[in-house]
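**Student:** There's a structure below that I have some questions on.
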Amino acid sequence: MKLHGADCDKINIESWLTADKRFPGLEIKPVDSNLKLRSDIEEWIEELNNDNPGAAFIYMQGHGLPEYMGSYVTGDSFAAGQGPTVIRSEEWINMFSKFDRRAQFITITDFCHSGNFFRLQYKLEPKQDGEGAQWIETEEWAQGYGAGSIRLSSPMLHLAGSARNENVFETGRTGGYFTHVLSETGIKTLPELLKRLRAGVDKHLEKARCYDKNPIPANVTQTPQVCSFPTPLKF
């Protein structure tokens, strides 16, 4: 499954991380593009844990499925008639639960159906009057599927490219709509960031609906998400 905007996505993410030196002392370690297998991913997370970072950004790019409360598709081969190999959201949570409680994470998921992939306690939503935003408890948490039940111990802020029932879209020229807008967004408060992300992605969708070739359906949406655990984090 090819990612047409993958090369641009890498540029977009690095641009956002490094612009204006907003994260002093940041060290970027690209993951080898050949490390796509489930075992590779598990080993990489273990190595990161052994490095014991005080704080880390993790950008996850690829394909996702809506099953099992969200699943990330790995590069493992599979026979005809069989489904792809995936790492379920709870398996990711278990891997992150092994990190030191003092570690802090900002994770960015740029794949379909990610939504509240890590089942965090809070999500940021615009207020009804359109002025600002507020933290609300997530359905996953209220229903008992929250990360706390499987011991996510480190604080995490999660930026997702779409809600769990939505796809993410991309082009070879701009990369993902989500990462392209993110790369053009300066230092913002979280409410401002969420507003910019959603408005920018909507503009991309409006253009894509008017394409002469392969326009996207009029009812398709992509709604970036901001989630947090254990308490709302400031940015």
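The values are calculated or read from the model by the stated rules, or taken from the named source; none is laboratory data. Every value quoted in this text rests on a predicted model; they were computed, and no experiment measured them. All Cβ positions, even for glycine, are placed from backbone atoms using ideal geometry, and neighbour counts span all protein chains on display.
**Student:** Scan the range 159-195 residue by residue and report those that are under 24 Å from E139 (Cα atoms) and basic (K, R).
**Tutor:** R164, K195
**Student:** Search the range 34-60 for residues that are more than 19 Å from E14 (Cβ to Cβ) and pair each with any residue that is of a type in the set (F, W, Y) when their beta-carbon atoms are under 6 Å apart and the residues are at least 6 apart or on different chains.
**Tutor:** Matching pairs, first to second residue: N49/F99.
**Student:** Given the structure, is E91 farther than 21 Å from P230 by Cα, of a type in the set (D, E) and either touching a residue at least 40 places away in the same chain (Cβ under 8 Å) or surrounded by 14 or more Cβ atoms within 10 Å (Cβ to Cβ) (or both)?
**Tutor:** It is false that E91 is farther than 21 Å from P230 by Cα, of a type in the set (D, E) and either touching a residue at least 40 places away in the same chain (Cβ under 8 Å) or surrounded by 14 or more Cβ atoms within 10 Å (Cβ to Cβ) (or both).
**Student:** With the requirement that a residue be over 21 Å from E131 (Cβ atoms) and either touching a strand residue (DSSP E or B) at 6+ places or on another chain (Cβ under 7 Å) or touching a residue at least 40 places away in the same chain (Cβ under 8 Å) (or both), what does the range 202-235 give you?
**Tutor:** I216, V220, T221, Q222, C227, F229, P230, T231, L233 - these are the residues of the range 202-235 that are over 21 Å from E131 (Cβ atoms) and either touching a strand residue (DSSP E or B) at 6+ places or on another chain (Cβ under 7 Å) or touching a residue at least 40 places away in the same chain (Cβ under 8 Å) (or both).
**Student:** If you scan the range 220-235, which residues turn out to be part of a loop (DSSP other than H, G, I, E, B), of a type outside the set (A, V, I, L, M) and modelled with pLDDT under 95?
**Tutor:** P230, T231, P232, K234, F235
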